Amino acid sequence: MTTTTEALVSEPVPDLDSDSPLAAFPEGPRLVGTRCDVCGVTMIGSRVVCSSCVSREVSALALPTTGELYSFTRLHGRGGDIRPLGYVDLDGVGVRTLTDLRETSPLVPGMRVELGVDGDDWFFAPASGV
Ligand SMILES: [Zn+2]
């Protein structure tokens, strides 16, 4: 006798339009997020399944364009290239994301940062007016 165990998520998921979480909204380019309608967790990017409770009852939303720099580092590459990377806590949604940073002023953990867009690239930079 054979026993089959069905996985909780065993169906193929539909292709998503893009790997980038960046999308156009009436107010300008924003990062797309997904909020779980069951447990309330918010995630960055388009999801079809909640990464916390595995519910398929999820809704898309535009994520905040501002946040707080949690931590950062600078990657030193060949030829002297320096690439600042950091974790940003987005305002009010409980999302911490790894992101490229632009060092338009000296970076300090805890500082206010805002989303910037350059073509298809997105990054966070110190908030203007700080
Ligand atoms: Zn959930």
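The values are calculated or read from the model by the stated rules, or taken from the named source; none is laboratory data. Everything numeric in this text was worked out from a predicted model, so none of it was measured. Neighbour counts run over all protein chains shown; Cβ positions are idealised from the backbone, glycine included.
Would you check which residues across the stretch 76-107 are over 30 Å from C36 (Cα atoms) and under 20 Å from the mean Cα position of the chain (by Cα) and list them? First the steps, then the outcome.
Going residue by residue through the stretch 76-107, those that are over 30 Å from C36 (Cα atoms) are 76-84, 102-107.
Answer for the stretch 76-107, where residues must be over 30 Å from C36 (Cα atoms) and under 20 Å from the mean Cα position of the chain (by Cα): R83, P84, R102, E103, L107.
Among (1) at pLDDT below 95; (2) of a type in the set (K, R); (3) more than 16 Å from the ligand (Cβ to nearest atom), which single condition is R96 missing?
Exception for R96: condition (1).
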